[in-house]
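Take a look at the structure set out below.
The values are calculated or read from the model by the stated rules, or taken from the named source; none is laboratory data. Just so we're clear, the structure is a prediction, and the values are computed from it rather than from any experiment. A quick note on method: Cβ atoms are made from the backbone with ideal geometry, for glycine too, and the neighbour counts reach across all protein chains shown.
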Amino acid sequence: MTITKDTRVFDILEKYGDIENVMQAMGIKSVGRYSLRRIITRFLSVEKAAKIHKKPLDEFLVTLNKAVEQKK
(Lines give C-alpha, C1' and ligand atoms only; values in the text may rest on other atoms or scores of the structure.)
Protein backbone atom coordinates (compact mmCIF):
# COMPACT_ATOMS: atom_id res chain seq x y z
CA MET A 1 0.00 0.00 0.00
CA THR A 2 1.41 3.35 -1.02
CA ILE A 3 0.09 6.18 1.10
CA THR A 4 -1.11 9.22 -0.84
CA LYS A 5 -2.67 12.50 0.22
CA ASP A 6 -6.11 10.93 -0.27
CA THR A 7 -5.45 7.83 1.86
CA ARG A 8 -7.67 7.70 4.93
CA VAL A 9 -5.72 7.54 8.18
CA PHE A 10 -8.18 4.82 9.23
CA ASP A 11 -7.01 2.63 6.33
CA ILE A 12 -3.41 2.98 7.50
CA LEU A 13 -4.39 1.92 11.01
CA GLU A 14 -6.45 -0.99 9.66
CA LYS A 15 -3.62 -2.38 7.57
CA TYR A 16 -0.58 -1.57 9.70
CA GLY A 17 -1.88 -1.11 13.23
CA ASP A 18 -0.99 1.71 15.52
CA ILE A 19 1.88 3.88 14.26
CA GLU A 20 1.59 6.32 17.14
CA ASN A 21 5.36 6.37 17.69
CA VAL A 22 5.84 7.73 14.16
CA MET A 23 3.23 10.43 14.67
CA GLN A 24 4.80 11.47 17.98
CA ALA A 25 8.23 11.65 16.36
CA MET A 26 6.73 14.21 13.98
CA GLY A 27 5.40 16.21 16.93
CA ILE A 28 1.80 15.03 16.60
CA LYS A 29 0.25 14.21 19.95
CA SER A 30 -1.92 11.17 20.47
CA VAL A 31 -5.70 11.63 20.37
CA GLY A 32 -7.08 9.70 23.30
CA ARG A 33 -7.13 5.94 23.26
CA TYR A 34 -6.50 3.83 20.19
CA SER A 35 -10.22 3.07 19.80
CA LEU A 36 -11.07 6.78 19.78
CA ARG A 37 -8.43 7.47 17.15
CA ARG A 38 -9.89 4.77 14.92
CA ILE A 39 -13.29 6.49 15.00
CA ILE A 40 -11.89 9.96 14.33
CA THR A 41 -9.53 8.83 11.58
CA ARG A 42 -12.26 7.09 9.59
CA PHE A 43 -13.08 10.47 8.01
CA LEU A 44 -9.60 11.98 7.95
CA SER A 45 -7.37 11.95 4.88
CA VAL A 46 -3.60 12.17 5.16
CA GLU A 47 -3.74 15.60 3.50
CA LYS A 48 -6.21 16.90 6.10
CA ALA A 49 -4.18 15.39 8.93
CA ALA A 50 -1.06 17.17 7.68
CA LYS A 51 -2.95 20.48 7.51
CA ILE A 52 -4.45 20.05 10.97
CA HIS A 53 -1.03 19.41 12.47
CA LYS A 54 0.69 22.06 10.32
CA LYS A 55 3.11 19.60 8.77
CA PRO A 56 4.36 19.80 5.16
CA LEU A 57 2.38 17.22 3.17
CA ASP A 58 5.41 15.91 1.26
CA GLU A 59 7.37 15.32 4.47
CA PHE A 60 4.33 13.73 6.11
CA LEU A 61 3.84 11.32 3.19
CA VAL A 62 7.51 10.28 3.12
CA THR A 63 7.51 9.63 6.87
CA LEU A 64 4.28 7.62 6.80
CA ASN A 65 5.37 5.54 3.81
CA LYS A 66 8.69 4.74 5.50
CA ALA A 67 6.88 3.75 8.71
CA VAL A 68 4.49 1.37 6.99
CA GLU A 69 7.31 -0.09 4.90
CA GLN A 70 9.09 -1.04 8.12
CA LYS A 71 5.89 -2.69 9.41
CA LYS A 72 5.79 -5.10 6.45
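Structural remarks
- Subset tally (residues that are at pLDDT below 80 and either under 11 Å from the mean Cα position of the chain (by Cα) or among the β-branched types (Val, Ile, Thr) (or both)) for the stretch 50-72: 0
- The stretch 1-28 residues that are acidic (Asp, Glu), paired with ones that are modelled with pLDDT of 75 or more and surrounded by 14 or more Cβ atoms within 10 Å (Cβ to Cβ) (beta carbon under 9 Å, 6 or more apart): Asp6/Ser45; Asp6/Val46; Asp6/Glu47; Asp11/Ile3; Asp11/Thr41; Glu14/Arg8
- Condition check for Ile40: within 12 Å of the chain's Cα centre (by Cα), at pLDDT below 90 and assigned to a loop (DSSP other than H, G, I, E, B): no
- Filter result for Glu47 (surrounded by 11 or more Cβ atoms within 10 Å (Cβ to Cβ), out of contact with any strand residue (DSSP E or B) (no Cβ under 8 Å at 6 or more places or on another chain) and at pLDDT 90 or above): yes
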